[in-house]
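*Asks:* The structure that follows is given in the form of structure tokens.
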Amino acid sequence: MSAEKFQNPVVRWIDHRLPIFSMLDHEKYDYPVPKNLNYMWNFGVLAGLSLAIMIITGIVLAMSYTAHVDYAFEAVERIMRDVNHGWMIRYIHMNAASFFFIVVYIHIFRGLYYGSYKAPRELLWILGVVIFLLMMATAFMGYVLPWGQMSFWGATVITNLFSAIPVVGDSIVTLLWGGFSVDNPTLNRFFSLHYLMPFVIAGVVVLHIIALHRFGSNNPIGIDASGPQDTISFHPYYTMKDMVGIAVFLLLLAIAVFFFPNAMGHPDNYIPANPLQTPAHIVPEWYFLPFYAILRAVPDKLGGVLLMFGAIAVLFVLPWLDRSPVRSARFRPLFRIFFWLLLIDAVALGYLGGKPAEGIYVVLSRIATAWYFLHFLVILPLLSVFETTKPLPKSISEPVLSRSKSANAPLGAGLEPAE
Amino acid sequence: MIRYLIVFALSLFLIGPALAAGGAVELTKRDWSFNGPFGTFDKAAMQRGFQVYREVCAGCHSMKYIAFRNFADLGYNESEIKALAAEYEVEDGPNDDGEMFIRAGIPADRMPSPYPNDNAARAGNGGALPPDLSLIAKARANGPDYLYSLLVGYKDAPSDTSVPDGMYYNNAYSGNLIAMPQPLYGDDVTYADGTTASIEVMSADLTQFLMWAAEPKLEARKRIGVAVVFFLSVFVILSILAKRRVWADVH
């Protein structure tokens, strides 16, 4: 890459010695992107934006926060009441955490629908699952920091899970707590790790992007680009398309932050932590509810923990469970039905995780949990063998051309622009 | 996928509230002045609510996150706040002799609590701890409606319910048995502005005051929010137009 394409002599001087401008230029103009990506492909960028918002607001919050059991709750109230615009920073941090998970869940389900985890993108997918795991750890520890009732009891319940591990379980829990109950050392180490983890996530995100750029984005049709006629440059096309997604994302985030800031939180977390008083129902943040439902669906503690982690572990091996050579669900009529069933199942698990573990809810949780694993471990491998897929188009340009010819397309076609 | 996903999300929005509803207690829904995107606090009501808190609730309930200076939000001016703070006694120190001493309050002081610690509060209330009220309007589901319903919710217990000693029957309280005796009956305070101090008016005024205490930046939040949402709506439209312009030559 020559530095001569740059007009500015300073840029040219720097680029000759440190080719960062060439690198950026390469990503912007030379990196070919399939031209048929729809708006579902916005969510990767939106997840990155969420991470940036979380890190920036988090660093500012840490300036006024005190990680001590006697002062943490008050420190948060100080931020809400006395720090200039502290309420805004905190509400952005709180709500952007939820939005981060919404965006990542959509990103994951997009990958599931369009088969983005299939060869040659298995490592890209696995790195994504790693990011998801790190996010969950970070979010869990962050929720402990305000030291409200749900912070304390959520931390107690979740850390206690590790005691189910045979032999070393109790030692691990003591290590996590830094003592023999959730107390000041726990809060301190959670604060330390909560500050560290986002940067670990950022590092894995870099690997995720390197892996992405090796073969480029998958696309709604799921076939590889066969030449320059199938691709366009990232800038200005996808920068502008991502801008639309970013604008809508920020608008929705602003509506939540300014008008419904506590809608996704739990009222009990405005009660200071009290180790002597257990809340009526201990529920984790909404984004953990599906996993919480799986945990409680199993009558055995160790079994529940294994199944809960298994629910994520199964995603790691997904590229080898679904062996169908066809990526996109558009050409897999049966897979498509099961995809929507899985989404309904995941939402049902989320609903059940928020309900008390009694009566009909336990039965439904068990059915939904069984279906989740059935989907990945039985249905997907069977579908890869028995499903009759629809014929694939010859190239990305082919269906794109035929689509754009029928300009006055049927109702709702505009929702899925495949230009 | 997008089409079905939108249908899916919309149906969740429709089904969600139906599934979430069905709580055990019926709350009185009121049209609070601070509801909605343009909601603001009613200063006169907050001042009256503060009077109810001072004369009725403050005997047992602390509000330890509220400082006297915060009462500027209620419409009091600086000298009124100084005078108000001076009516309270605050422990300070140690002085140069190493002694703690009592002095008159200043605007920077937080509201003094009625009990020195939680144990004293429990001992004074038959074992039940009167919660701090600074955040109560956010620390309960449907805070304002719940507080109002609780305050007007004291009723005679149905004949099939036995009420143990030191407990009281309340419509809005989960389980219906609450350790707090009925705080308001009507005409518990004499309002300076001549408003009739019925139990409904006092309960609504107190709720207004407690909502402010829990969320003092609510007005600023909604005001900024309206501007931000307007700005971002324009940004959405412009980005859609720009995207269409840029993509016009791709086919």
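Read-outs: derived from the displayed coordinates by stated rules, not from any lab. Keep in mind that this is a model prediction, so the values were computed, not measured. Positions of Cβ are generated from backbone atoms using ideal geometry, with glycine treated the same way; all protein chains shown enter the neighbour counts.
*Asks:* Summing +1 for each Lys or Arg and -1 for each Asp or Glu, what net charge is found among the other residues whose Cβ lies under 14 Å from the Cβ of A:Leu127? Present the calculation step by step, with values, prior to reporting the outcome.
*Replies:* Working: positive: A:Arg121, A:Arg214; negative: A:Glu122.
Every neighbour counted, the sum reads +1.
*Asks:* A follow-up question, please. Show the residues, 5+ positions off or on another chain, whose built amide H is closer than 5 Å to the amide H of A:Gly148.
*Replies:* A:Ala273
*Asks:* Arrange the following residues from fewest to most other Cβ atoms within 10 Å of their Cβ: B:Lys64, A:Lys390. Please list the in-between numbers first.
*Replies:* Numbers: B:Lys64 14, A:Lys390 11.
Listed from fewest to most nearby Cβ atoms, that is A:Lys390, B:Lys64.
*Asks:* Using the Karplus equation 6.51 cos²θ - 1.76 cosθ + 1.60 (θ = phi - 60°), what ³J(HN,Hα) coupling, rounded to whole Hz, does each residue of the range A:23-33 give in order, writing x for Gly and Pro?
*Replies:* Per-residue couplings from phi come out as 4, 4, 4, 4, 5, 6, 10, 8, 6, x, 10 Hz.
*Asks:* Of the cross-linked pairs A:Lys241/A:Lys355; A:Lys355/B:Lys138; A:Lys241/A:Lys394; A:Lys5/A:Lys394; B:Lys43/B:Lys155; A:Lys35/A:Lys390, which ones have a Cα-Cα span greater than 28 Å in the structure shown?
*Replies:* On the way: A:Lys241/A:Lys355 39 Å; A:Lys355/B:Lys138 21 Å; A:Lys241/A:Lys394 26 Å; A:Lys5/A:Lys394 36 Å; B:Lys43/B:Lys155 30 Å; A:Lys35/A:Lys390 22 Å.
In this structure, A:Lys241/A:Lys355; A:Lys5/A:Lys394; B:Lys43/B:Lys155 exceed 28 Å between Cα atoms.
*Asks:* How large is the translational diffusion coefficient of chain B in µm² per second when you combine the Kirkwood radius over alpha carbon pairs with Stokes-Einstein at 20 °C and 1.002 mPa s?
*Replies:* Details: Rh = 21.8 Å.
In µm²/s, the coefficient is 98.
*Asks:* Once both axes come from the Cα atoms, what is the angle between helix A:86-113 and the longest principal axis of chain A, in degrees from 0 to 90, rounded to 10?
*Replies:* Between helix and principal axis, roughly 50 degrees.
*Asks:* Quick one: helix A:43-62 against the long Cα principal axis of chain A, what's the angle to the nearest 10°, folded into 0 to 90?
*Replies:* The angle comes out at about 40 degrees.
*Asks:* Using the Karplus curve 6.51 cos²θ - 1.76 cosθ + 1.60 with θ = phi - 60°, what ³J(HN,Hα) values do you get for each residue of the range A:292-309, in whole Hz, with x for Gly and Pro?
*Replies:* Karplus-based 3J(HN,Hα) across the range A:292-309 equals 4, 5, 5, 4, 7, 6, 9, x, 9, 4, 4, x, x, 5, 4, 5, 4, 6 Hz.
*Asks:* Where is the GNM fluctuation largest for chain B (alpha-carbon springs, 10 angstrom cutoff): B:Ser149, B:Ser62, B:Ser79?
*Replies:* Highest fluctuation of the listed residues: B:Ser79.
*Asks:* Using a Gaussian network model of chain B with C-alpha springs under 10 Å, which one of B:Asp73, B:Asp97, B:Asp205 is most mobile by mean-square fluctuation?
*Replies:* Residue with maximal mean-square fluctuation among B:Asp73, B:Asp97, B:Asp205: B:Asp97.
*Asks:* Kindly provide the helix-only [θ] at 222 nm of chain A, computed as the sum of -39,500 (n - 2.57) over DSSP H runs of four or more divided by all residues, to the nearest 500 deg cm²/dmol? Working shown, then result.
*Replies:* On the way: 17 runs with 251 residues, N = 419.
Value at 222 nm, helices only, nearest 500: -19500 deg cm²/dmol.
*Asks:* Give me the one-decimal nm value for the distance between modelled label points at B:Leu241 and B:Asn77, 7 Å along each residue's Cα-to-Cβ direction.
*Replies:* So the two model labels end up 4.9 nm from each other.
*Asks:* Using each residue's phi in the range B:213-224, evaluate 6.51 cos²θ - 1.76 cosθ + 1.60 at θ = phi - 60° and report the 3J(HN,Hα) Karplus result to the nearest Hz, with x for Gly and Pro.
*Replies:* For the range B:213-224, the Karplus curve yields 4, 6, 9, x, 9, 4, 5, 4, 4, 5, 5, 5 Hz.
*Asks:* So what does log10 I(q)/I(0) come out to for the protein assembly as shown at q = 0.06 Å⁻¹, using the Debye formula with one equal point on every Cα and no solvent?
*Replies:* -0.43
*Asks:* Given the -39500 (n - 2.57) contribution per DSSP H run of 4+ residues, what per-residue ellipticity at 222 nm results for chain B, rounded to the nearest 500 deg cm²/dmol? Mind showing how you got there, number by number?
*Replies:* On the way: 7 runs with 102 residues, N = 251.
Counting only the DSSP helices, I get -13000 deg cm²/dmol.
*Asks:* For chain B, modelled as a GNM with alpha-carbon contacts under 10 angstrom, which of B:Ile224, B:Ile240, B:Ile199 fluctuates the most?
*Replies:* Of the options given, B:Ile240 has the highest mean-square fluctuation.
*Asks:* Something else now. Considering just Cα atoms, how many Å³ per residue does the convex hull of the range A:260-319 enclose? Can you show the working numbers first?
*Replies:* Values: hull volume 7.8 nm³, N = 60.
Taking only Cα atoms, the range A:260-319 has a hull volume of 131 Å³ per residue.
*Asks:* Let me ask something else about it. Neighbouring Cβ atoms within 10 Å as the yardstick, rank A:Arg12, A:Arg17 fewest first. Walk me through the numbers before you get to the answer.
*Replies:* On the way: A:Arg12 15, A:Arg17 8.
By the 10 Å Cβ count, ascending, the order reads A:Arg17, A:Arg12.
*Asks:* While we're looking at this one, here's another question. Take the alpha carbon gyration tensor of the range B:104-204, find the square roots of its eigenvalues, order them as a ≥ b ≥ c, and report rounded if a/c is under 1.5; if not, report prolate when a/b exceeds b/c, else oblate. Working shown, then result.
*Replies:* Values: a/c = 1.80, a/b = 1.21, b/c = 1.48.
Oblate, since a/c reaches 1.5 and b/c is not below a/b.
*Asks:* Semi-axes, largest first, in whole Å: what does sqrt of 5 times each Cα gyration tensor eigenvalue give for the range B:181-222? Could the numbers behind the result be given before it?
*Replies:* Values: eigenvalues 119, 32, 10 Å².
Taking √(5λ) for each eigenvalue gives 24, 13, 7 Å, largest first.
*Asks:* Provide, in order from the shortest bin, the percent of all Cα-Cα pairs of the range B:178-251 in each 5 Å bin, continuing until the bin that contains the maximum pair distance.
*Replies:* Here the calculated profile for the range B:178-251 is 3, 12, 11, 11, 10, 9, 8, 7, 6, 6, 5, 4, 4, 3, 2, 0.
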